[in-house]
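To start, the structure itself, in structure tokens.
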Amino acid sequence: MSSIDAALTEVATAVTNTLDRLLPAPVGAEKRVIEAMRYACLGGGKRIRPFLVVAGSRLFDVHEESSHRVAAAIEMVHCYSLVHDDLPAMDDSDLRRGRATVHKKFDEATAVLAGDGLLTLAFEVVGDAATHENPAVRTELVLALAKAAGVAGMVGGQMIDLEAEHARLDIGAITRLQRMKTGALIAFSCSAGAILGQASEQARHALVNYAHDLGLAFQIADDLLDYVGNEATTGKPVGADQEAGKATFVALLGIDRAREQAQLLARQAAGHLDLFGEKADLLRAMAHFVVDRKH
Ligand code: GRG
């Protein structure tokens, strides 16, 4: 196993344990929605966003309980977005992470509620004093997460994406859409450690630049998997973007140029971390992992 695979596995295990602890126990009359929330969060996933929170936090020697709580919160927001994105009103998908989507396993109303429950629980976790003793740090995290998840970020990007089906977006418009839809949560994940560690402006700036390039590289790799991946390894249907006529980086650039662009962005992302020296090796390795991944 490579060191990045081993590090991802280590963080994934720790964050899954934290999620298990933070998600309520499935009891009481409301038990069904809690079961759906747990099903959405505890069954697989690469845990890339939690990894970025934990690896970024290590640059500033942040206490692990703090970084694991924020890592669990960002994964809750990510899982909510997947649950809602899979609904018939959006992507209408039956398969996610190699098993039935939440609305297939439960039902549509429960899936809507489970997503809502995860989004709100994420803010409860970040805002809790157990995440950081300084209320100003907690407030900064809550605001950054709200911006990343809301209309200026993921929700806004998803709206543009839904309206863009069969539209001819140019490279600038696709880049903006993806920076909002997937880039914003990735950017929050990269900056969370600097917020928790009350890092210098220079350090924060470097991480913002890293996140920009990493987010785009991640999205191009995701678009490529829709073209050249297979359902057995991705654990989700492939070819859906092409079928829907979606404007993606691959549709615009072609497979070879998209691959080259993703590799270039990964190298550029790693280059932004020079000031952290060897301490940032895991984040550098992650930049290459996101473009070389098969799922
Ligand atoms: C419904 C508000 C709302 C937003 C949905 C992010 C998103 C917007 C939808 C997800 C659909 C999708 C496939 C987007 C492409 C990029 C992406 C987020 C891929 C899935 O992330 P991974 O690869 O998944 O990190 P795992 O399962 O490993 O966590």
Inset, instruction - Working carefully through the options Gly150, Gly183, find the one that is within 11 Å of the ligand (Cβ to nearest atom), within 29 Å of Leu59 (Cα to Cα) and touching a residue at least 12 places away in the same chain (Cβ under 8 Å). - result: Gly183
Inset, instruction - Among residues belonging to the stretch 239-294 that are in a loop (DSSP other than H, G, I, E, B) and modelled with pLDDT of 95 or more, point out the one that is surrounded by the fewest Cβ atoms within 10 Å (Cβ to Cβ). - result: Leu273
Legend entry - Residues satisfying the stated conditions in the stretch 126-143, i.e. buried (at least 18 other Cβ atoms within 10 Å of the Cβ) and either in a loop (DSSP other than H, G, I, E, B) or of a type in the set (Gly, Ala, Ser) (or both): Thr131, His132
Inset, instruction - Keeping to the stretch 120-147, report how many residues are under 16 Å from Ile186 (Cα atoms), touching a residue at least 24 places away in the same chain (Cβ under 8 Å) and within 16 Å of the ligand (Cβ to nearest atom). - result: 3
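Does Ser93 satisfy the criteria of being part of a helix (DSSP H, G or I), within 14 Å of the ligand (Cβ to nearest atom), out of contact with any Leu (no Cβ under 7 Å at 6 or more places or on another chain) and among the polar types (S, T, N, Q)? I'd like the intermediate steps shown before the answer.
Values: part of a helix (DSSP H, G or I): no; within 14 Å of the ligand (Cβ to nearest atom): yes; out of contact with any Leu (no Cβ under 7 Å at 6 or more places or on another chain): yes; among the polar types (S, T, N, Q): yes.
Spelling it out, it is not the case that Ser93 is part of a helix (DSSP H, G or I), within 14 Å of the ligand (Cβ to nearest atom), out of contact with any Leu (no Cβ under 7 Å at 6 or more places or on another chain) and among the polar types (S, T, N, Q).
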Legend entry - Inter-residue pairs, beta-carbon under 8 Å, first within 9 Å of the ligand (Cβ to nearest atom) and in the stretch 43-54, second of a type in the set (Val, Ile, Thr) and not in a loop (DSSP other than H, G, I, E, B), 6+ apart: Arg47/Val11; Arg47/Val15; Arg47/Thr16; Ile48/Ile186; Ile48/Val290; Arg49/Ile74; Arg49/Ile186
Legend entry - Close pairs from the stretch 157-168: first without any contact (Cβ under 8 Å) to a residue 12 or more places away in the chain, partner open to solvent by 70 Å² or more (accessible area, probe 1.4 Å) and within 11 Å of the ligand (Cβ to nearest atom), Cβ under 8 Å, at least 6 apart: Met159/Val151
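Take the residues in the stretch 157-170 that are more than 8 Å from the ligand (Cβ to nearest atom) and in contact with a Lys or Arg (Cβ under 8 Å, 6 or more places away or on another chain), then tell me which one is modelled with the highest pLDDT.
As a first pass, look at the stretch 157-170 and keep what is more than 8 Å from the ligand (Cβ to nearest atom): 159-160, 162-170.
Retained after the next criterion (residues that are in contact with a Lys or Arg (Cβ under 8 Å, 6 or more places away or on another chain)): 160, 164-165.
On the way: Ile160: 94, Ala164: 86, Glu165: 79.
That would be Ile160.
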Legend entry - Subset of the stretch 67-89 that is crowded, with 23+ Cβ neighbours inside 10 Å and among the hydroxyl-bearing types (Ser, Thr, Tyr) - its residue that is nearest to the ligand (Cβ to nearest atom): Tyr80
Inset, instruction - State all residues of the stretch 13-46 that are closer than 19 Å to Cys79 by Cα, open to solvent by 10 Å² or more (accessible area, probe 1.4 Å) and assigned to a loop (DSSP other than H, G, I, E, B); if no residue qualifies, say none. - result: Pro24, Ala25, Pro26, Gly43, Gly44, Gly45, Lys46
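Give the stretch 185-215 a look and list any residue that's open to solvent by 20 Å² or more (accessible area, probe 1.4 Å) and either under 19 Å from Gln158 (Cβ atoms) or not aliphatic (A, V, I, L, M) (or both), or say none. Break it down into steps so the answer makes sense when it comes.
We begin by selecting, within the stretch 185-215, every residue open to solvent by 20 Å² or more (accessible area, probe 1.4 Å); these are 187, 191, 197-198, 200-202, 204-205, 208-209, 212.
Answer for the stretch 185-215, where residues must be open to solvent by 20 Å² or more (accessible area, probe 1.4 Å) and either under 19 Å from Gln158 (Cβ atoms) or not aliphatic (A, V, I, L, M) (or both): Ala187, Ser191, Gly197, Gln198, Ser200, Glu201, Gln202, Arg204, His205, Asn209, His212.
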Legend entry - Selection count, the stretch 96-119, where residues are within 12 Å of the ligand (Cβ to nearest atom), under 20 Å from Gly150 (Cβ atoms) and crowded, with 23+ Cβ neighbours inside 10 Å: 2
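The values are calculated or read from the model by the stated rules, or taken from the named source; none is laboratory data. What you see is a predicted model, and the numbers here were worked out from it, not measured in a lab. All Cβ positions, glycine included, derive from the backbone under ideal geometry; neighbour counts span all protein chains shown. SASA here: full protein model, heavy atoms, side chains in, ligands and nucleic acids out. Shrake-Rupley method; radii C 1.70, N 1.55, O 1.52, S 1.80 Å.
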